[in-house]
Amino acid sequence: MMKFYQLPLGSYAANCYILKDEKDQCIIIDPGAEGEKLVQFIKNNELQPLAILLTHAHSDHIGAADEVRDAFQIPAYVHKNEEEWLYTPALNGSDMDIPFVQREAEKVIMNESILTIGNFTFDVLETPGHSPGSISFYFREEGYLFSGDVLFKRGIGRTDFIGGNMDALMNSIHHKLFKLPLNTVVFPGHGPLTSIEDEIKNNPFLKNI
Ligand SMILES: [Zn+2]
Ligand SMILES: [Zn+2]
């Protein structure tokens, strides 16, 4: 059985998720900030990280990528459409603030695919709209969906940042995410967990479309 931890990090409280298997190997989704705290958490729990997965490359989701990589020597995965964003503050949204520059990703996801890392096997779904390289990670066996800033509990991602597109976002939600089994647990990039069924029924931004 897979276990998860949810750690809201940084001033935007972006959810970092750690998924671990029975052998305490883990993958880290969106290490957004507070690298020292995150590294300490991983060490305290005696976890063995295998990789970093990025749902997208906005600064609130990537801020601790270098610190975690330095601590554990693991690769980071990002979609090709946001490869440059990791080290380009004007793209990752940090140019008005403290500029965020992370190292380039070791692994670039070129298209929708099924990835296996250690004991973790999951579908990479391309779900653009909030940003052009937004991807969601779907763990079929567990029924878990990591949706980044595409879909939240009772909310949807903003589309007013660079590369945002409302039509694309709606398409991603209705034609990708809402096609998943109703009981899929949704782990969003901000805020509490939800389910596909709950959002189809109750998300005020998506009703009657
Ligand atoms: Zn974002
Ligand atoms: Zn975010």
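Values in this text are rule-based calculations from the coordinates and carry no lab data. The structure presented is a predicted model; accordingly, all values stated were derived computationally and were not measured. Don't worry about glycine lacking a Cβ; one is built from the backbone with ideal geometry, like all the others, and counts go over all protein chains shown.
When you restrict to C-alpha pairs under 8 Å that are six or more residues apart and normalise by the size of the chain, the relative contact order lands at 14 percent.
Neighbours of Lys37 by Cβ distance under 12 Å: Lys/Arg scored +1, Asp/Glu scored -1, total -2. Evaluated over the chain, the count of Lys pairs having alpha-carbon atoms less than 15 Å apart is 8 (only pairs 8 or more residues apart or interchain). Taking label positions 7 Å along the Cα-Cβ direction at both Asn119 and Asn171, the computed distance is 3.9 nm, reported to one decimal. The alpha carbon gyration tensor of the stretch 86-209 gives principal lengths a ≥ b ≥ c with a/c of 1.5 or higher and a/b no greater than b/c, which makes the shape oblate. Calculate, for Asn183 and Phe161, the FRET efficiency according to 1/(1 + (r/R0)^6) with r their C-beta to C-beta distance and R0 41 Å; round to the nearest 0.05. Calculated value: 0.85.
Averaging the Cα positions of each part gives two centres, and for the stretch 1-62 and the stretch 164-209 these lie 23 Å apart. Here the stretch 103-142 is scanned for amide nitrogen atoms under 13 Å from the site 7 Å beyond the Cα of Lys23 along Cα-to-Cβ, giving 117-121. Calculate log10 I(q)/I(0) of the stretch 1-74 for q = 0.11, 0.15, 0.16 Å⁻¹, where I(q) comes from the Debye formula with a single equal point scatterer on each Cα and nothing for solvent. Relative scattering, expressed as log10 I(q)/I(0), comes to -0.22, -0.41, -0.47.
Classified by the C-alpha gyration tensor, the stretch 150-197 has an oblate form. Its axis ratio a/c, with a ≥ b ≥ c, is 1.5 or above, and a/b does not exceed b/c. Please label the shape of the chain as rounded, prolate or oblate, based on the square roots a ≥ b ≥ c of the eigenvalues of the alpha-carbon gyration tensor (a/c under 1.5 means rounded; beyond that, a/b larger than b/c means prolate, else oblate). The shape class here is oblate.
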